[in-house]
Amino acid sequence: MSSATDNSAYNNKDNDASLDVNTRSTNAQLPSRSFHVEQLEDRDRYMTLSIGPQHPGSGHMRIIVVVDGDIIVSADPDVGYVHRGEEKMSESRTFVQNVPHIERPVIHDSSNILYSYCLAVEELIGLQTPERAKYLRAILAEIDRIQYTLYWLAILGIFIGHSTMFMWATADRELFVELADMASGNRITHSYIIPGGVRNDLPDVFADKAFKFIDYFERKRLPEYHKIFYDNPLFRQRSEGVGVLSRSDAISLGVTGSVLRASGIDYDVRKREPYDIYSDIEFEVPISKAGDSFARSILPIYDIQQSINIIRQCLAKMPPSGQIRAKLQPNPRGPPGEAYRRVESGRGALGHYIVSDGTPKPYRHKMSVPSVRNLTAMPHLLKGARLADLPVIYWSLNIWPVEIER
Amino acid sequence: MEEPQSQKSFRNLIDPGAGFGAFVGKLGDALVKAIDRPLGYAVNWGRIFSLWPVHLETGCCSVELGAASSPRYDLERYGVLEAFGSLRQCDLIIVLGTVNRKMAPRLRLVYDQMPEPKYVIAMGACAITGGLYFDSYNVLPGVDNVLPADVHVPGCPPRPETLIQGIMLLQEKIKRDQLK
Ligand code: SF4
């Protein structure tokens, strides 16, 4: 238990403009968030654990849990370890210069986070995207959704000690990374979608290779995932009935994406507010009524199936040639105004809100990211759960910690 | 201050004479010189192929570390396997990108807890100079003010091949290490 003086010492250190990191820091300087334990009467029964940031089951953040024996009494996510001030940085760069750093919060789902930014900028400036570019955007967005989900699944495997899942999912992810690499020239940070269209056209052999990889993945690999992972009795025991999020809680906490769909709510931005070509494309939205960690873990796999269908349809329907980028003047600017557009990312609804005052730079830029919404459900779900269930509940919420902090 | 009699006699017992001590010292020096090279080679050879990086994710480059540990790139064939256990087993920190003002004291704390010898790889533009975030209010301009980096791996994020090359460079460096 730390005293109030420790806290104030830390705060003073924080306010100090020159952070002297060369001196040894001790535990007393780290902030103590155990105040809610000190207020309890019978406080010797409880123990405060700090999970992260240097912990295999925490990602880039820290979770401060108070346990009573094996039961979690309270869980407090402590974020800010990757906060980089993206929103402030946007204000000092033009709309086009913003493209590379906006995809960084979630680099393995970069196309989706850029997609909504570009939609918002296009609305502000008044740009028309060419038809072919719309299809190219959808293809890259779906490829990124698949490789994001596979990476997420790999980490889920690591968290629950299932290393085979890590190996399989990261190996299969390379197929899609290679496709995106082929289309855009970079493995994961493509900057492929830009305001007004896409950066470059696909190489000729892309379609053949894409069909080959997708067929292989769908026929050979996906059924195996069910065999080795989802039908595995150990995994089912650890996730079924764990961390149940009821339908009404899901609505009131405002979760999104696969977490919301696992609680039985049929909501997908691609269906509800179709953007670009998604109104012409047929796909289903898988939902589940269970609301537990198992449902949250398996729904993204069904989403992958749908993404594969979307890529197939896009490749078939795409106009064979044509313009891929609208003409932009050097420093594009639009009339003063604001725009909010959102897309369905790998984690859920992701939106960008941009206010423009008529200059080439945004006046205010706000990212509304799904990880934050899903994080709000975490303290609620962890309360009363066992400590051993923390990794499954935490990671099945489909959170990417870097995106929380932006 | 005068030493008590009992301690004096004790010192005489373990240090029988300055002449003998000097002789032993010289002999030791000669011995170390003789076996320094082969012993150093053997010890360094052992270190090269058992690099255990700490699991501390500071930025988004961690995605490429995950890809580098995947079957396609398989960092493990170079002896690099993320240690999920204790910091006492680790001898390598791969700084995975951005280090911000909240993470920096923790990073140093982790580094201080690791036993010697320890090595640092700064991965990504962010860990080298601040990268894309050079003008951000919360990001340190490179990790060099916090940790002594042995190898810088450029890229944003570096491809797994680049990371592997960085690790091979670090192994070259360890080979040339002198025994202390
Ligand atoms: S170098 Fe690039 S990928 Fe790596 S942490 Fe920095 S922004 Fe992220």
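The values are calculated or read from the model by the stated rules, or taken from the named source; none is laboratory data. All figures in this text were calculated on a predicted structure; none of them were measured in a lab. Don't worry about glycine lacking a Cβ; one is built from the backbone with ideal geometry, like all the others, and counts go over all protein chains shown. Side chains included, ligands, DNA and RNA excluded: accessible areas come from the protein's heavy atoms. Shrake-Rupley method; radii C 1.70, N 1.55, O 1.52, S 1.80 Å.
Mind checking which residues of region B:74-98 are within 13 Å of the ligand (Cβ to nearest atom) and small (Gly, Ala, Ser)?
Of everything in region B:74-98, just one residue is within 13 Å of the ligand (Cβ to nearest atom) and small (Gly, Ala, Ser), namely B:Gly97.
May I ask you to say which residue of B:Val43, B:Val54 is open to solvent by less than 80 Å² (accessible area, probe 1.4 Å), touching a helix residue (DSSP H, G or I) at 6+ places or on another chain (Cβ under 7 Å) and away from the ligand (no atom under 16 Å from the Cβ)?
Details: B:Val43 fails: touching a helix residue (DSSP H, G or I) at 6+ places or on another chain (Cβ under 7 Å).
Result of the check over B:Val43, B:Val54: B:Val54.
Look at B:Pro38 and say whether it is under 22 Å from B:Lys173 (Cα atoms) and not in a helix (DSSP H, G or I).
Numbers: under 22 Å from B:Lys173 (Cα atoms): yes; not in a helix (DSSP H, G or I): no.
Criteria not met by B:Pro38.
Which ones in region B:104-142 are hydrophobic (A, V, I, L, M, F, W, C) and either under 24 Å from A:Glu91 (Cβ atoms) or within 11 Å of the ligand (Cβ to nearest atom) (or both)? If you could, list the steps in order and put the result at the bottom.
So the first thing to find is which residues in region B:104-142 are hydrophobic (A, V, I, L, M, F, W, C), and the list is B:104, B:107, B:109-110, B:114, B:120-123, B:125-128, B:132, B:134, B:139-140.
B:Ala122, B:Met123, B:Ala125, B:Cys126, B:Ala127, B:Ile128, B:Leu132, B:Phe134, B:Val139, B:Leu140, listed by residue number.
Being out of contact with any Ser or Thr (no Cβ under 7 Å at 6 or more places or on another chain) and open to solvent by 10 Å² or more (accessible area, probe 1.4 Å) narrows it down to one of A:Arg341, A:Arg386, A:Arg373, so name that one. Can you show your working first?
Details: A:Arg341 fails: out of contact with any Ser or Thr (no Cβ under 7 Å at 6 or more places or on another chain); A:Arg373 fails: out of contact with any Ser or Thr (no Cβ under 7 Å at 6 or more places or on another chain).
From the options A:Arg341, A:Arg386, A:Arg373, the qualifying one is A:Arg386.
In contact (Cβ under 8 Å) with a residue 40 or more places away in the chain, at the interface with chain A (Cβ under 8 Å from one of its Cβ atoms) and crowded, with 19+ Cβ neighbours inside 10 Å: is that true of B:Gly59 in this structure?
So B:Gly59 fits the description; yes.
When you scan region A:237-281 for helices (runs of 4 or more DSSP H) that lie fully inside it, which ones turn up with 2 or more residues that are over 18 Å from the mean Cα position of the chain (by Cα)?
Answer list for region A:237-281: A:247-253, A:269-272.
Which numbered condition in (1) touching a Lys or Arg at 6+ places or on another chain (Cβ under 7 Å); (2) within 14 Å of chain A (Cβ to nearest Cβ); (3) among the acidic types (Asp, Glu) is the only one that B:Asp91 fails?
With (1) touching a Lys or Arg at 6+ places or on another chain (Cβ under 7 Å); (2) within 14 Å of chain A (Cβ to nearest Cβ); (3) among the acidic types (Asp, Glu) applied to B:Asp91, the lone miss is (2).
Would you confirm, using the coordinates I've provided, whether A:Arg132 is surrounded by fewer than 22 Cβ atoms within 10 Å (Cβ to Cβ), touching a Gly at 6+ places or on another chain (Cβ under 7 Å) and either basic (Lys, Arg) or closer than 16 Å to B:Glu64 by Cα (or both)? If you could, list the steps in order and put the result at the bottom.
Values: surrounded by fewer than 22 Cβ atoms within 10 Å (Cβ to Cβ): yes; touching a Gly at 6+ places or on another chain (Cβ under 7 Å): yes; either basic (Lys, Arg) or closer than 16 Å to B:Glu64 by Cα (or both): yes.
Considered against the rule, which asks whether it is surrounded by fewer than 22 Cβ atoms within 10 Å (Cβ to Cβ), touching a Gly at 6+ places or on another chain (Cβ under 7 Å) and either basic (Lys, Arg) or closer than 16 Å to B:Glu64 by Cα (or both), A:Arg132 comes out as yes.
Taking only region B:147-163 into account, find how many residues are more than 13 Å from the ligand (Cβ to nearest atom), closer than 20 Å to B:Ser70 by Cβ and more than 14 Å from chain A (Cβ to nearest Cβ). Walk me through how you get there before you give the answer.
Of region B:147-163, the ones more than 13 Å from the ligand (Cβ to nearest atom) are B:147-151, B:161.
Then drop every residue that is not closer than 20 Å to B:Ser70 by Cβ, which leaves B:161.
Narrowing the set further to residues that are more than 14 Å from chain A (Cβ to nearest Cβ) leaves none.
Residues that pass the stated criteria total 0.
When you look at B:Leu169, is it open to solvent by 10 Å² or more (accessible area, probe 1.4 Å) and more than 13 Å from chain A (Cβ to nearest Cβ), yes or no?
yes
Scan region A:282-313 residue by residue and report those that are of a type outside the set (Ser, Thr, Tyr) and outside any helix (DSSP H, G or I). Working first, answer last.
Quick first cut of region A:282-313, residues of a type outside the set (Ser, Thr, Tyr) only: A:282-287, A:289-292, A:294-296, A:298-301, A:303-306, A:308-313.
Within region A:282-313, A:Glu282, A:Phe283, A:Glu284, A:Val285, A:Pro286, A:Ile287, A:Lys289, A:Ala290, A:Gly291, A:Asp292 meet the criteria.
Among the residues of region A:74-104, which ones are open to solvent by less than 10 Å² (accessible area, probe 1.4 Å) and of a type in the set (Lys, Arg)?
Answer for region A:74-104, where residues must be open to solvent by less than 10 Å² (accessible area, probe 1.4 Å) and of a type in the set (Lys, Arg): just A:Arg84.
Working only within region A:150-163, note down all residues that are more than 11 Å from every other protein chain (Cβ to nearest Cβ), assigned to a helix (DSSP H, G or I) and open to solvent by 10 Å² or more (accessible area, probe 1.4 Å).
None - no residue of region A:150-163 is more than 11 Å from every other protein chain (Cβ to nearest Cβ), assigned to a helix (DSSP H, G or I) and open to solvent by 10 Å² or more (accessible area, probe 1.4 Å), so the list stays empty.
Hey, could you check region A:173-219 for residues that are polar (S, T, N, Q) and open to solvent by less than 40 Å² (accessible area, probe 1.4 Å) and say which is farthest from B:Glu161 (Cα to Cα)?
If we take residues in region A:173-219 being polar (S, T, N, Q) and open to solvent by less than 40 Å² (accessible area, probe 1.4 Å), then A:Ser191 is farthest from B:Glu161 (Cα to Cα).
Could you check how many residues of region A:59-73 are surrounded by 17 or more Cβ atoms within 10 Å (Cβ to Cβ) and touching a residue at least 60 places away in the same chain (Cβ under 8 Å)?
Of the residues in that region, 8 qualify.
Can you tell me which residue within region B:121-131, out of those that are under 18 Å from A:Gly80 (Cα atoms) and surrounded by 21 or more Cβ atoms within 10 Å (Cβ to Cβ), is farthest from the other protein chains (Cβ to nearest Cβ)? Walk me through how you get there before you give the answer.
We begin by selecting, within region B:121-131, every residue under 18 Å from A:Gly80 (Cα atoms); these are B:126-127, B:130.
When the remaining residues are screened for being surrounded by 21 or more Cβ atoms within 10 Å (Cβ to Cβ), the result is B:126-127.
Values: B:Cys126: 9, B:Ala127: 13 Å.
Selected residue: B:Ala127.
So which residues in region B:57-73 are part of a loop (DSSP other than H, G, I, E, B) and within 13 Å of the ligand (Cβ to nearest atom), if there are any at all?
Initial filter on region B:57-73 (part of a loop (DSSP other than H, G, I, E, B)): B:57-61, B:69-73.
Residues satisfying the conditions are B:Glu57, B:Thr58, B:Gly59, B:Cys60, B:Cys61.
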